[in-house]
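Student: Before anything else, here's the structure in question.
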Amino acid sequence: MDLTKVFVSGGSTFVQHSPTTDTLYVCSNGILKIFDLTKPEQEPEVLDVITGVRSFEVGPDHAVIASKSGECHLYDLKSLKDTATLLRSPLGLMSSVFTHGGAMVLSGGLDGKLNLVDAQGSDHLLKSTVDVKEQIVALSYNDVGDLAAVSLANGDLRVYSYTAAEPTLVTTFKGMLIEGKTINDTVEDDDENDEFDDDLDLDLDNEASSSSSSPALPSLRPDWHPNGDLLAIPTRSRDIVVYDRANFSQPKFRFQPSPSKPVVDLKWSPNGKYLASAGQDGKLIIWDYKTKKSIQSCPIPVKPLSLSWSRHSDEVVVGTTAGNIGKYRLGGSKFVEDEADEADEAEEEEDIEDDLAEKATSSPSQGLFGDEDDFIIDDDGAGYVEDSGKRRAEVEPRPHKHRRVAETSSHTPSLTPLAPFSPGSTPWSSNRRYLTINPIGYAWSVKQDGYNTITITFFDRSVQKEYHFRDFSGFDVASMNGEAILLAKSGYKSRQEESRTTSTILFKSHDQSRNWQREIRLLPHEFITSVSLGPTSVFVCTSLGYVRRYSVFGRLERLEKMPPVVACINSNRYLLTVTYTSPYSLSFNLQDLEGKYYQRGEGLPVKEPIRGIFFSSDGDPCIVGEDNVVLVLTRWRDPLQACWIPILDANEGIGEVAAGGNVRAWPLGLFKDQFSFIAVRGSQYPSFPLALPSEMEVKVPIGESKEDKDGEKDDEEEAEVDKGNKPPSAEEELLRTIVQAELLNDAIANDDVEDETAEERLAALSIKYDGALLKLVGQSCNEGDVLDAFYLATKLRDDRALAAAAKMAERLGLAGLVRRINKVREGRMEVE
């Protein structure tokens, strides 16, 4: 092992490699040194950092340090500046790690609190706090599954899920780790010996180690495998035990033989093939994941403290307790990666990223695998990375003018500016994206080396358990319900190819009882734009207007051709498709699952991008456009009568229900009179972890000015406003009640409502209708507008409401109005 003195003053030395570049970061004694490994002769850059370092973590562009003083600092590795103090704790912090693709930082320490802080926003808001009621000594984060392994001073290891805004405890390993007698002085700048529990040494060696000869502290930090599935744990019995996150009840395997002394640190290699461990026995051991055994060992001249792998997985750097670092290069051809191949793969990945960035704003649903045309089933789990073919554009000469004319001939179909669409999907950000979000839950994907990991998470975890799987196809279109998820590889990256391509659709039930996969041969320039999963049917739509209906068992049942499809959604009875008409307009079709049309080729009053499309809880089609106005389709069961009614301006409504500014509503669904959404703060798209759904009451955007509202308030309403509850205006309430009653009455008449309380709700809406009219009658009476008051009174349905209107007129001395209202009452009684 090559040993290098980095800090003359000695001290605990932490090492970290950059995950994206050939850069080594070495931190100790308030100094961070940055080494460019491609220029070994060059002097390192130096950055002053906080002293008393307890943990040091490096992300793509930033580093985070937790200190014994209780502060967590964020550093910009490009500008070499201290960016922010993310957290201050009254007691010392033990560990801080990046989470959610580097967007957040999770910290824990002696106060026993797990704090999640926003690392990207300017305010660095505290997102969540979990009181574990025990001193926290180490953290390890699974960025693929958003799982945090939390090591506690009492020897317990807990795993928390951070897939949602509120963390949840997944499992607890009781007494798994070496128990610490005292944690307050576990890491000292001057390499002091610390007291840890020696009971295990007494048990195994029949004698305790003396403090004078005690090696480095045993590790309490487990490490997650790069694929996100496995967790390696250094146990108090000196075994290195590996658990699969799919089953924490029993170990998946153990590395053999066990180290002779407790492990000081352990790290998986970036390619996941090896595990490196440094122990109190002064040995660096390389373990092979495939054989589960040690394959190489090397003595460490100085007490080890931390480990880090190079991004090529061919070298391990050891940080020590004396200011040194040791470098150990894995021997043998089978350990050394082909650098030329890696350079090609890295360049290919950069090409794909550049192409994705070009379409990020207009196509939020692009996938990972670029121009890959063929679907490959990975039977052995080895994965693959194909040549994306991006260099073709660089080597082809610019076509001559006559070539351009030929390319736009009638034989080549014109390409519509469409992109794959999934409800709630987001573009890639920090190697992760949401494939779909709906009121049930969400599917999200994380990029890895040669494949993606897709995780399905539910808002109500008591109903379904979160699960994940590897995606070797590059699925970029999705739809899910309470029973299953439907995924598709759109083929969007191959849309300019002149030959036919193959796409793949995958159906997976949440309980894993029914899974199937089908391939679809697409025409040249064709790609899948949208998929929809209903209780009994699966729909797959393409950019050339082909609509395929499958059963939930994977049988093709219907094929239809229509204009290019932008988006689709289906309920248990109906299918809504949005089609492309021109660059300035969209159309919609509404049909039952057997193909009978209720509305066909009707204009849609929204512009792209479509932000949300769904059926309400009463079965009515709803759509949200770029203006965030929620539209619901009324009278759609009658030919030529369909009408889109705006029932909510989400931009206006979010300001009334959410505190603070710069908040957006990400649409999810409409449940009776409540609009469900995700509150998005300071961003265009939902971030990780995803906030829990919120609700706001629908409110017809009638364009009412603030003065109009103020003029209608009485003393009681002003009191409500003072409390933060803004009462709706009588006009808005009347319009909203009419729309809701019309929708519900139509659904009941056509037996399309599954809610048993539908009749009761309709009766309640009738009462609300008369109540809103009475408010307007009262306003007209107060203003002396007798004609308007009488006009409104004639619209009252219930005789008791007419009697109330007459009493209001009588109190104001409007005798003529009273007589006219009474005549209306008498006329209705005679008819009855």
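The values are calculated or read from the model by the stated rules, or taken from the named source; none is laboratory data. The structure presented is a predicted model; accordingly, all values stated were derived computationally and were not measured. Because the Cβ atoms are built from the backbone with ideal geometry, glycine has one as well, and the counts that use them run over all protein chains shown.
Student: Identify, please: which residue in the stretch 153-191 is among the hydroxyl-bearing types (Ser, Thr, Tyr) and modelled with pLDDT under 80 and is, among those, surrounded by the fewest Cβ atoms within 10 Å (Cβ to Cβ)?
Tutor: That would be THR182.
Student: Would you check which residues across the stretch 26-45 are surrounded by fewer than 17 Cβ atoms within 10 Å (Cβ to Cβ) and either at pLDDT 95 or above or of a type in the set (S, T, N, Q) (or both) and list them?
Tutor: THR38, GLN42
Student: If you don't mind, another one. With the stretch 41-139 as the region, which strands (runs of 3 or more DSSP E) entirely inside it contain at least 2 residues that are of a type in the set (S, T, N, Q)?
Tutor: Filter on the stretch 41-139 gives 81-88, 93-99, 126-131.
Student: Just name the residue that is modelled with the lowest pLDDT out of those in the stretch 718-752 that are surrounded by 17 or more Cβ atoms within 10 Å (Cβ to Cβ) and either more than 25 Å from ILE645 (Cβ to Cβ) or among the small types (Gly, Ala, Ser) (or both).
Tutor: Result: SER729.
Student: Looking at the stretch 592-630 only, could you name the residues that are under 26 Å from the mean Cα position of the chain (by Cα), in a strand (DSSP E or B) and farther than 18 Å from SER530 by Cβ?
Tutor: VAL629, VAL630
Student: Let me ask you something else. Out of the stretch 29-40, which residues are in a strand (DSSP E or B) and in contact (Cβ under 8 Å) with a residue 24 or more places away in the chain?
Tutor: ILE31, LEU32, LYS33, ILE34
Student: Here is a check on your reading of the model: is SER18 of a type in the set (Gly, Ala, Ser) and surrounded by fewer than 16 Cβ atoms within 10 Å (Cβ to Cβ)?
Tutor: The answer is no for SER18.
Student: What's the number of the condition GLY619 fails, among (1) in contact with a helix residue (DSSP H, G or I) (Cβ under 7 Å, 6 or more places away or on another chain); (2) among the small types (Gly, Ala, Ser); (3) surrounded by fewer than 20 Cβ atoms within 10 Å (Cβ to Cβ); (4) under 30 Å from PHE98 (Cα atoms)?
Tutor: Result: GLY619 passes all but (4).
Student: Does ASP755 count as under 25 Å from MET696 (Cα atoms) and either at pLDDT 90 or above or under 42 Å from the mean Cα position of the chain (by Cα) (or both)? So that I can check it myself, show each step before the final result.
Tutor: Numbers: under 25 Å from MET696 (Cα atoms): yes; either at pLDDT 90 or above or under 42 Å from the mean Cα position of the chain (by Cα) (or both): yes.
Yes, satisfied.
Student: Considering only residues that are over 21 Å from SER422 (Cβ atoms) and touching a residue at least 40 places away in the same chain (Cβ under 8 Å), look in the stretch 599-616 and name the one that is surrounded by the fewest Cβ atoms within 10 Å (Cβ to Cβ).
Tutor: Once the filter is applied, the top-ranked residue is GLU602.
Student: Among the residues of the stretch 580-595, which ones are small (Gly, Ala, Ser) and either buried (at least 18 other Cβ atoms within 10 Å of the Cβ) or closer than 20 Å to PHE614 by Cβ (or both)?
Tutor: The answer is SER587, and nothing else.
Student: Across the stretch 631-653, which residue is surrounded by the fewest Cβ atoms within 10 Å (Cβ to Cβ) among those that are in contact with a Lys or Arg (Cβ under 7 Å, 6 or more places away or on another chain) and outside any strand (DSSP E or B)?
Tutor: GLN641
Student: Follow-up question, since we're still on this one. State whether one or more residues within the stretch 511-529 are under 30 Å from LEU640 (Cβ atoms), buried (at least 18 other Cβ atoms within 10 Å of the Cβ) and not hydrophobic (A, V, I, L, M, F, W, C).
Tutor: yes
Student: Does SER96 satisfy the condition of being modelled with pLDDT of 95 or more and small (Gly, Ala, Ser)?
Tutor: Yes: the conditions hold for SER96.
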